[in-house]
Amino acid sequence: MTNTFKEDVRKGLEQPQKTLPSKYFYDKKGDALFVEIMNLPEYYLTRCELEIFKNKTNALIKALQLKTNTHFELIELGAGDGLKTKHLLKALKDQHFNFEYIPIDISANALQLLQQDLNKTLPDIAVTPKQGDYFEVLASLKHNNNPKVILFLGSNIGNMEDAIAQQFIYNLGANLQKNDMLLLGVDLIKPEEIVLPAYNDSKGITAQFNLNILERINNELEANFNLDYFEHLPKYDAVKGIAESYILSTKAQTVTIKAMNATFDFDEGEKIHTEISRKYNDKLIHNVIANTDFTIEDKILDSKAYFADYILKRH
Ligand code: AVI
C-alpha cells in the first residue's frame, strides 16, 4: 500500500499540473470526515438518495424487474454503513423475495460492522460480506448463474474521470450475465448555488477532508507540508457538470518528502488537483454505457430531482 501511495504521490506531484488521487482521502481520519460530510446541511447527495430508498422503495423494486420466485444476489459495491440499502433489504424481505445480500468493500472493518448491524436489525436476511477488490469478487461470483443486482450508490462513479467510468461500467458488464441489473446512483447536473456549497461547507469539514491528504503524506511519507499555507479550493463548472477540488498553495514554498528523498516547489497560487465529482444527465449516462451491453430501463428521482438512481439492464 505505502509503495503505491508513495509512487502515486510522486507521479502526481511531478506533473506540471500537480495532482493527488482522491482515493487517498480515505484513511481513518478521512473516513470519519466523510461521515461528517454526509451529515452536513449543504451535502444534499446522501439525503436525496436516502429519500429515494425510503420513499420510493417499491418503485425501485419494480424497476429492478425482480421476481419473488427466483433467487437472486443483491451485490453492493462499497457498502459502507448500508444505511440506504437497509430500506431496500427490509422491503424485499417483507415482500418475500428470495435473495442473498453480498456487500463488497475494501475495508474488512466496515463489513464486520455492517454484518453485526444487519444481524441485529434484519436478522432474517442472508448476508455474505466479501472483502476485497470489486472486480476480483465479481469475477469469483460470475459463474454461479444466480441472477444478480448490483448496487453502486452515492455518486461514487462521479469520482472517476469519464474514460475511467466507461471502463468501470464495461468491466461490470463483463462480470455479469444477460438480464442482470445495475442500480447506479448519480448526482445530477444542477446550478452552482446548489452544488458548490456541498463541496465548500460553512463548517470547513470538506476543507479538512481535502487537506487531510497532505497530512497523510506528512504522516506516512515523512513530509513537511505546512497546512497553514495550503487552502481548500472547490470549483464547479455547471455547463460540464463537474465539481473539482484543488489544494491551493498560498505562498511560494518548498516541501520535502523524506520517504522519497525529494523536494517539490510550489508557486504562490499554484493548485494541486485532488478530486473530480462529476454530475450526470441522461446524455452522460448514455455516454458511459455506450460501449457496453447495458440499457437504461428506468430512473428514480428524489422529490427535488437533485439525485437519480438509474436502473440499467445487461443484455
Ligand atoms: C464519495 N464521493 C461521492 C463524494 C463526492 O461527493 O464526490 C466525495 C466527497 N468529496 C467532497 N465531499 C464529498
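Considering the stretch 166-189, the residues that are open to solvent by less than 30 Å² (accessible area, probe 1.4 Å) and in a helix (DSSP H, G or I) include one that is nearest to the ligand (Cβ to nearest atom), namely F168. Considering the stretch 278-300, and only residues there that are in contact with a Phe, Trp or Tyr (Cβ under 7 Å, 6 or more places away or on another chain) and either among the polar types (S, T, N, Q) or more than 13 Å from I157 (Cβ to Cβ) (or both), the residue that is least open to solvent (accessible area, probe 1.4 Å) turns out to be T292. Reported count of residues in the stretch 190-209, each being under 21 Å from N281 (Cβ atoms) and either in contact with a His (Cβ under 8 Å, 6 or more places away or on another chain) or surrounded by fewer than 18 Cβ atoms within 10 Å (Cβ to Cβ) (or both), is 5. In the set (1) open to solvent by 60 Å² or more (accessible area, probe 1.4 Å); (2) within 15 Å of the chain's Cα centre (by Cα); (3) of a type in the set (D, E, K, R), E7 fails one condition alone, (2). Assess whether L138 counts as being out of contact with any Ser or Thr (no Cβ under 7 Å at 6 or more places or on another chain) and among the aliphatic types (A, V, I, L, M). Here the answer is yes, as L138 does meet what is asked. Restricted to the stretch 92-143, and to residues there that are without any contact (Cβ under 8 Å) to a residue 24 or more places away in the chain and polar (S, T, N, Q), the residue that is least open to solvent (accessible area, probe 1.4 Å) is Q115. When we screen G82, G78 for residues that are within 16 Å of the ligand (Cβ to nearest atom) and open to solvent by less than 20 Å² (accessible area, probe 1.4 Å), the only hit is G82. Contact map, the stretch 16-41: residues that are among the polar types (S, T, N, Q) paired with residues that are open to solvent by less than 40 Å² (accessible area, probe 1.4 Å), Cβ distance under 6 Å, separation 6+ or inter-chain. Pairs shown: T19/G12; T19/H273; S22/T274; S22/E275.
Quick check: anything in the stretch 56-64 assigned by TED's automatic domain parsing to the domain that holds D265, assigned to a helix (DSSP H, G or I) and among the basic types (K, R)? Within the stretch 56-64, none of the residues are assigned by TED's automatic domain parsing to the domain that holds D265, assigned to a helix (DSSP H, G or I) and among the basic types (K, R). Residue count for the stretch 221-243 satisfying the condition of being under 20 Å from the mean Cα position of the chain (by Cα) and open to solvent by 80 Å² or more (accessible area, probe 1.4 Å): 2. Taken together, the residues in the stretch 203-246 that are touching an Asp or Glu at 6+ places or on another chain (Cβ under 7 Å) and among the small types (G, A, S) amount to 2. Within the stretch 266-274, none of the residues are surrounded by fewer than 21 Cβ atoms within 10 Å (Cβ to Cβ), among the aromatic types (F, W, Y), away from the ligand (no atom under 16 Å from the Cβ) and within 16 Å of V9 (Cα to Cα). For the stretch 23-55, give me each residue that is of a type in the set (A, V, I, L, M) and either part of a helix (DSSP H, G or I) or more than 10 Å from the ligand (Cβ to nearest atom) (or both). A32, L33, V35, I37, M38, L45, L50, I52, listed by residue number. Counting the residues of the stretch 197-245 that are within 11 Å of the ligand (Cβ to nearest atom) and assigned to a loop (DSSP other than H, G, I, E, B) gives 3.
Of all residues in the stretch 236-287, those that are among the hydroxyl-bearing types (S, T, Y), without any contact (Cβ under 8 Å) to a residue 24 or more places away in the chain and in contact with a Ser or Thr (Cβ under 7 Å, 6 or more places away or on another chain) total 2. Among the residues of the stretch 147-165, just one is away from the ligand (no atom under 16 Å from the Cβ), touching a strand residue (DSSP E or B) at 6+ places or on another chain (Cβ under 7 Å) and either open to solvent by 50 Å² or more (accessible area, probe 1.4 Å) or at pLDDT below 95 (or both), namely P147.
The values are calculated or read from the model by the stated rules, or taken from the named source; none is laboratory data. Quick caveat, the model's predicted, so the values are computed rather than measured. We place every Cβ from the backbone using ideal geometry, glycine too, and count neighbours over all the protein chains shown. Accessible surface areas use protein heavy atoms only, side chains included; no ligands, DNA or RNA. Shrake-Rupley method; radii C 1.70, N 1.55, O 1.52, S 1.80 Å.
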